[in-house]
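Values in this text are rule-based calculations from the coordinates and carry no lab data. For clarity, every value in this text was computed on a predicted model and none was experimentally measured. Note: ideal-geometry Cβ built from the backbone for every residue, glycine included; neighbour counts use all protein chains shown.
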Amino acid sequence: MAYAGFLIRRLLQAIPVIFGVTFIVFWLIHLVPGDPARTALGLHATPAAIAKLHQEWGLDSSLPAQYLNYLGRLVTGNLGTSLRYQESAGTLILERLPVTLWLIVYSTVLVAIFAVPLALLAASRPGALRDRLVSIISVAGLGIPGFWLGLILIQYFAIEARVLPAAGFGSGFTGHLESMFLPSLTIAIGIIPMVVRSLRAEVLRTADLDFVVTARSKGLSERRIRWRHVLRNALPPSVTILMVNVGFLIGSTIVVELVFSLGGIGSLMINAINGRDFPLVQAVTLFFAFMVIFTNILGDLLQALLDPRLEAR
Amino acid sequence: MSVLTSESGAEGRDLLVVRDLRLGVGEGEGSFEPVVGAALRADRGEVVGVVGESGSGKSLMLRAIAGLLPPGVDYRGGEVTVGGIDVPHAKPADLHRLRGETVGMIFQEPMTALNPTMRIGTQIAEAARAHRDLGRGEAKARAIDLLGRMGFTEPARQYRLYPHELSGGMRQRVVIAIALAGEPALLLCDEPTTALDATVTMRVLDLIVGLVSDLDIGVVLVTHDLGVAARICDRIVVMYAGRMLEEGPADKVLRRPRHPYTLALLRAVPTRETTIEELRAIPGTPPVPQEQLPGCPFAPRCEFAEDACLREVRTVAIEDGRTTACRRHEVLAKMVEGAGV
Ligand SMILES: Nc1ncnc2c1ncn2[C@@H]1O[C@H](COP(=O)(O)OP(=O)(O)O)[C@@H](O)[C@H]1O
Ligand SMILES: [Mg+2]
């Protein structure tokens, strides 16, 4: 497949980025002034405990040696050991991965479900009432802070109407689907406006292109022209916007997990920061960075799948 | 202003009749009419050329025939009838029958006329399915057959190509295949070879001429290239400023023009016989459609014009089933017969 080559090329291009990320994450712990071991263990730590950590983290060797050592550990899949949980950071992340993945995928799907019809509706009559309504709703969606929106949604759907759970991950596929709806919607509402705006503009631009006149000259139905010709060609740029936002979205999972009491990687991050659990902060940061790189590659791949002209590049 | 269509007896059987067509742009203050009194007839088995400088309303007239006017342009008067369909007043069902099934359309820019994200075969097959109750397999077979007829050497494999994988000439063949997929009676070609180089132009023109006899369809070919018009057209319509100035058999119109504008167009074309001294650009500039004059639109640039030309313009029938909008056509005729063009 041509796509395999494309994917390999993108992965190779990601290698320098990955190195940069590991370097920054490695530096995190040295950014805080003073002895990292003391910073991590706090003022009341015993000299013995500090010496032990010095040894564990190899803090007595030179910085380049420490970095190489760190890289070596990463290559073997060792993300470090959490000070607080006394468990491998990798295991902690894996345990909470399903919640965060659900949030990311679910909200991405919700964005697509809402953004496409809204954009088509707005573009069907530029400047008309429906177009202005969509843009008003979009501006509102952009302006609402995620945590506040989350609380409002809990108030109306979970506490008053009692149709959806207020917190937790739920169990089983349909359980997750129900429980994760409000948190995912909270995230989606922050992203929908940007995707709607880009898709609406792109649909209007595409509708004026020559091949749409060709499509019309064939005697196709307006419905087929709209979906198969206009939307199909308007989609690729908006997919890029969507995937860039999924990168940002990973950050907003932290707030949403807190509001909806979800034990995902976002809340793991908060615990780690509060507990000055440096190895865990490092591991989660690295994980988030990898997720962003991964979604970008996925975005490029989707782009290539949607636009045959990119395949050759 | 009146427009006479020639009383050749072919009336009523004509596949395409455009009479006194007026098209308007916009409303109120800035409104103008880029097409005023265009006329055209075409029948099965003939190629009718429409020539004229760019901006004379050729493309708009073609799009008006196919019911494909761009947004903001509308019918203001006159008649467009294709295969019995009254286009300006057509209902959605008639428009569906008109587009693809009665009229196929070929565009100037093959690079942009095709959907870049759809395989060329699918684009042809969907045109075939729009009008006939074909299964996927049947439509595909029809598309492959059309590709073969358009000169694709391995149609079954090339069916799967995307437009960007083809040259301009091959893309134009795909556009032609799309236009033919619904088996239309009339093919409208809007400068189909302007974007192509000379050898490809010849092949595409030969292909179109072949279709006329093979499929017994009518062709309207818009071009600003008189060489192209001379090569394949049976009849020629000369357009200027949204109006028909002269119409008649191609060889007659091009050899013995009965309108000064046609003469001016011919003089501006370099041929093997003309010398540099004879080659002349048309003086002045074409009128902008926003400023309509009551008389002949060409009069301000015309060496034959007299005062009356600026006041009134009428289209009259002359010999050989020709028509001209020039009141001084007899003066012109004497000059042309005397000197040759
Ligand atoms: N989509 C449009 N909207 C408004 N005016 C148009 C449009 N297309 C063409 N026109 C006007 O009609 C005139 C004739 O255009 P066109 O039919 O494209 O000429 P031609 O094909 O002979 O070069 C143009 O000069 C322009 O003023
Ligand atoms: Mg044109």
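State to the nearest 20 debye the size of the charge dipole of segment A:99-312 about its Cα centre, where the only charges are +1 on K and R beta carbons and -1 on D and E beta carbons. Spell out each step's value before the answer.
Details: 16 positive and 12 negative charges, 169 e Å.
Dipole about the Cα centre, nearest 20: 820 debye.
Below 24 Å, Cα to Cα, which lysines can B:K58 reach? Residues fewer than 8 away in the same chain don't count.
A:K218, B:K252
When a/c is below 1.5 the answer is rounded, else prolate if a/b is larger than b/c, else oblate, so apply that to segment A:99-312 with a ≥ b ≥ c taken from the square roots of the Cα gyration tensor eigenvalues.
Working: a/c = 2.51, a/b = 1.64, b/c = 1.53.
Prolate is the answer for segment A:99-312, as a/c is 1.5 or above and a/b outweighs b/c.
Can you give me the orientation-averaged projected area of the convex hull built on the Cα atoms of the protein assembly as shown, in nm²? Mind dumping the intermediate values first?
On the way: hull surface 162.2 nm².
So the Cα hull casts an average projection of 40.6 nm².
In terms of the Cα gyration tensor, with a ≥ b ≥ c the square roots of its eigenvalues, is chain B rounded because a/c is under 1.5, prolate because a/b exceeds b/c, or oblate?
On the way: a/c = 2.00, a/b = 1.58, b/c = 1.27.
It comes out prolate by the Cα gyration axes.
How much mean residue ellipticity at 222 nm does the protein assembly as shown get from its helices, if each DSSP H run of length 4 or more adds -39500 (n - 2.57) and you divide by all residues, to the nearest 500 deg cm²/dmol? List each step's numbers first, then the result.
Working: 26 runs with 345 residues, N = 654.
Taken over the protein assembly as shown, the calculation gives -17000 deg cm²/dmol.
What ranking do A:R205, B:R142 get, fewest neighbouring Cβ atoms within 10 angstrom at the top? Write down the numbers at each step before the final one.
Working: A:R205 14, B:R142 20.
Ordered from fewest to most neighbouring Cβ atoms within 10 Å, A:R205, B:R142 come out as A:R205, B:R142.
Which of B:I232, B:I318, B:I217 moves most in a GNM of chain B, Cα contacts under 10 Å?
Its mean-square fluctuation being the largest, the pick is B:I318.
Place a +1 charge on the Cβ of each Lys and Arg in the protein assembly as shown and a -1 charge on the Cβ of each Asp and Glu, then give the dipole magnitude about the Cα centre in debye, rounded to the nearest 20. Walk me through the numbers on the way to the answer.
On the way: 64 positive and 63 negative charges, 244 e Å.
The dipole of the protein assembly as shown has a size of about 1180 debye.
In terms of the Cα gyration tensor, with a ≥ b ≥ c the square roots of its eigenvalues, is segment B:180-244 rounded because a/c is under 1.5, prolate because a/b exceeds b/c, or oblate?
Details: a/c = 1.77, a/b = 1.19, b/c = 1.49.
Oblate.
How would you rank B:V80, B:V51, going from fewest to most other Cβ atoms within 10 Å of each one's own Cβ?
Numbers: B:V80 23, B:V51 27.
Taking fewest neighbouring Cβ atoms as first place, the list is B:V80, B:V51.
I want the antiparallel fraction of DSSP beta bridges within the protein assembly as shown, as a percent rounded to 5. The partial results should precede the final answer.
Working: 29 of 48 bridges.
DSSP beta bridges in the protein assembly as shown are roughly 60 percent antiparallel.
Report, as an integer, the average count of C-beta atoms from other chains found within 10 Å of each Cβ along A:226-232. List each step's numbers first, then the result.
Working: counts 0, 0, 5, 5, 1, 0, 4.
For peptide A:226-232, the averaged partner shielding equals 2.
Starting with the fewest neighbours, write out B:F107, A:F173, A:F23, B:F152 ranked by other beta-carbon atoms found within 10 Å of each beta-carbon. Spell out each step's value before the answer.
Values: B:F107 25, A:F173 8, A:F23 12, B:F152 22.
Going from least to most buried by this count: A:F173, A:F23, B:F152, B:F107.
Taking chain A as the reference, fit the longest principal axis to its C-alpha atoms, fit the long axis of helix A:89-124 to the helix C-alpha atoms, and give the angle between the two in degrees, 0 to 90, nearest 10.
20
Apply the Karplus curve 6.51 cos²θ - 1.76 cosθ + 1.60, θ = phi - 60°, to the phi angles in segment B:32-48 and return the couplings in whole Hz, x for Gly and Pro.
8, 10, x, 10, 10, x, 7, 9, 6, 10, 8, 10, 4, x, 10, 10, 9
What does the structure give for B:107-119 when I average, per residue, the other chain Cβ atoms found within 10 Å of the residue Cβ?
Values: counts 5, 1, 2, 1, 1, 5, 7, 4, 12, 7, 11, 7, 1.
The shielding value for this peptide is 5.
Quick one, could you list the DSSP H helices from chain B stretching 24 Å or more along their long axis (Cα atoms) with average Kyte-Doolittle hydropathy of -0.5 or above? Each step should come with its number before you reach the end.
Numbers: long enough: B:198-215 (25 Å, 1.45).
Both cut-offs are met by B:198-215.
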